[in-house]
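The values are calculated or read from the model by the stated rules, or taken from the named source; none is laboratory data. Keep in mind that this is a model prediction, so the values were computed, not measured. Note: ideal-geometry Cβ built from the backbone for every residue, glycine included; neighbour counts use all protein chains shown.
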Amino acid sequence: MGVSSSVLTEALYFGKTVKTLFKPVIPLSDVYSEESYASIYQDFVSPHFWADVLSSVTPSVSKSRIQFIDTKDKLRDMLGFYWNYKEVDKVEEIRSTAVMKKQPAMESPWSAP
């Protein structure tokens, strides 16, 4: 049970029964409406997506679609938005461990000069 959390949505994928007290943070639906969201995955970084989105308000030229070889987590990578993701993604664990090893040690602001 929860007020409005993506954890409730995720719990369904693990076969858990959930009760949402308010409304989902992002209501998932296969039906398009003004209230629904659409998964665009990595398309937001491709010119074809923006040409299509903006075509009703400005002239645009049809562009080809750009796809990355590794399609995973482009927005997460751009924002460094990982929280504790390394606990579920071993590649991220390796990457973050390597990054931490390269960081210089920080001195405490309370240490004596």
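One residue stands out in the range 23-52 among those that are of a type in the set (D, E, K, R) and assigned to a helix (DSSP H, G or I): the one that is farthest from K74 (Cα to Cα), namely D52.
Output yes when any residue across the range 53-67 is more than 23 Å from S4 (Cα to Cα), modelled with pLDDT of 80 or more and outside any loop (DSSP other than H, G, I, E, B), and no when none is. Yes, because at least one residue in the range 53-67 is more than 23 Å from S4 (Cα to Cα), modelled with pLDDT of 80 or more and outside any loop (DSSP other than H, G, I, E, B).
The set of residues in the range 79-95 that are at pLDDT below 70 and not in a loop (DSSP other than H, G, I, E, B) comprises Y85, K86, E87, K90, E92.
Taking the range 25-40 as the range and being closer than 29 Å to V61 by Cα and either touching a helix residue (DSSP H, G or I) at 6+ places or on another chain (Cβ under 8 Å) or at pLDDT 80 or above (or both) as the test, only I40 passes. Scan the range 8-18 for residues that are β-branched (V, I, T) and loosely packed, with under 11 Cβ neighbours inside 10 Å and the total you get is 1.
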